[in-house]
Amino acid sequence: MPYSSNNQSGFQAAHPQLHSYTELGGQKGTASIFLPEEVPVAFVYNGISQAVMMASPFDLEDLAIGYSIGSGLIKDAACIYGIEVTQGLVGIQLQISVSQRAFTKIKQLRRSQAGSTGCGLCGVESLANALPDLPVHPTRALPPAQHLSKLRSCLASHQLLAKQTGALHAALYVDERGEIKLCREDVGRHNAMDKLIGALLNDQRLPSNGFVVVTSRCSLELIQKAVRAGFSTLATLSAPTDISVSWARYCNLNLVHIPRSSAPRVYSPEPV
């Protein structure tokens, strides 16, 4: 473990809540269904608030680590000295203790950012911050075709919370043998990715040894998070945007779209 954890504040991870509904124009009476919980989560570094976002209230220590790395606030988990999860009256605070060098960088970024929101970039005050410098990794091989072609049919069995609510995104880690080893879920696709990054580091797995699958479209912010975390390949169930393809190619991140009824489509590396 790269940090010390303190979750003794009485906070308990939430569970899907049962809600009743009626069908419009239907003949049936009232029915019930589980719906996911969504709460404000504040990221506080050395006592200074950095951002607040809506998230699913579980796997929050994974979220704290993954958000810190995936958003470019810290270089790696060694910069984190401790995480404390506290329940407030209106939401949850993630009290994250970081090194002084990392805190100096965070304060500099805080001056030029308004924070992140659910769509990823709406809170960025400056266009320069929306398109930051990203590392260019060495070119790495794509996963074997058989690890991708049947992947879509295997995902549902790992999305345990989505089975109950049908309203959660997931990010999953597939190892070098093509086996799904980790899954993290959240109402936000970016949050699910952050949680997976944190879970990988806590599980002492190297992101570059496998690849990540996200059950959503591929936005630019997912590219940024995947590159910063060190993944070699990002696969998504919906098509990527054009700018996502451009940045994936620039950073040598393999980018694959897995359609519902056709073969996987490789957008990065660029076809020759």
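Does region 162-181 hold any residues that are assigned to a loop (DSSP other than H, G, I, E, B) and either over 18 Å from the mean Cα position of the chain (by Cα) or without any contact (Cβ under 8 Å) to a residue 40 or more places away in the chain (or both), and which are they?
Scanning region 162-181 gives G166, D175, E176, R177, G178, E179.
Taking only region 178-214 into account, find how many residues are over 19 Å from A156 (Cα atoms) and surrounded by fewer than 22 Cβ atoms within 10 Å (Cβ to Cβ).
Counting residues in region 178-214 that are over 19 Å from A156 (Cα atoms) and surrounded by fewer than 22 Cβ atoms within 10 Å (Cβ to Cβ) gives 8.
Only one of L196, L234, L222, L201 is free of Cβ contacts under 8 Å to residues at least 24 places away in the same chain and either of a type outside the set (V, I, T) or under 19 Å from F58 (Cβ atoms) (or both). Can you tell me which?
None of the other options fit; the residue is L234.
How many of the residues making up region 67-94 are touching a Ser or Thr at 6+ places or on another chain (Cβ under 9 Å), open to solvent by less than 60 Å² (accessible area, probe 1.4 Å), small (G, A, S) and assigned to a helix (DSSP H, G or I)?
1
What residue, among those in region 95-111 that are among the polar types (S, T, N, Q) and loosely packed, with under 13 Cβ neighbours inside 10 Å, is nearest to Q50 (Cα to Cα)?
Step by step, filter region 95-111, then rank; the result is Q108.
Go through (1) more than 12 Å from the chain's Cα centre (by Cα); (2) closer than 16 Å to A170 by Cβ; (3) part of a helix (DSSP H, G or I) for V245 and report which single condition fails.
(2)
Within region 135-161, how many residues turn out to be among the aliphatic types (A, V, I, L, M), open to solvent by 70 Å² or more (accessible area, probe 1.4 Å), assigned to a helix (DSSP H, G or I) and modelled with pLDDT of 90 or more?
1
Wholly within region 5-66, which strands (runs of 3 or more DSSP E) include no fewer than the required count, namely at least 1 residues that are open to solvent by 20 Å² or more (accessible area, probe 1.4 Å) and modelled with pLDDT of 85 or more?
Correct list: 39-45, 48-55.
May I ask you to verify whether A235 is surrounded by 22 or more Cβ atoms within 10 Å (Cβ to Cβ) and either of a type in the set (A, V, I, L, M, F, W, C) or closer than 21 Å to S68 by Cα (or both)?
yes
The values are calculated or read from the model by the stated rules, or taken from the named source; none is laboratory data. Given the structure is predicted, the values throughout are model-derived calculations rather than measurements. Positions of Cβ are backbone-derived with ideal geometry, glycine not excepted, and every protein chain shown enters the neighbour counts. To get the accessible areas, we keep the full protein, side chains included, count just its heavy atoms, and leave off ligands, DNA and RNA. Shrake-Rupley method; radii C 1.70, N 1.55, O 1.52, S 1.80 Å.
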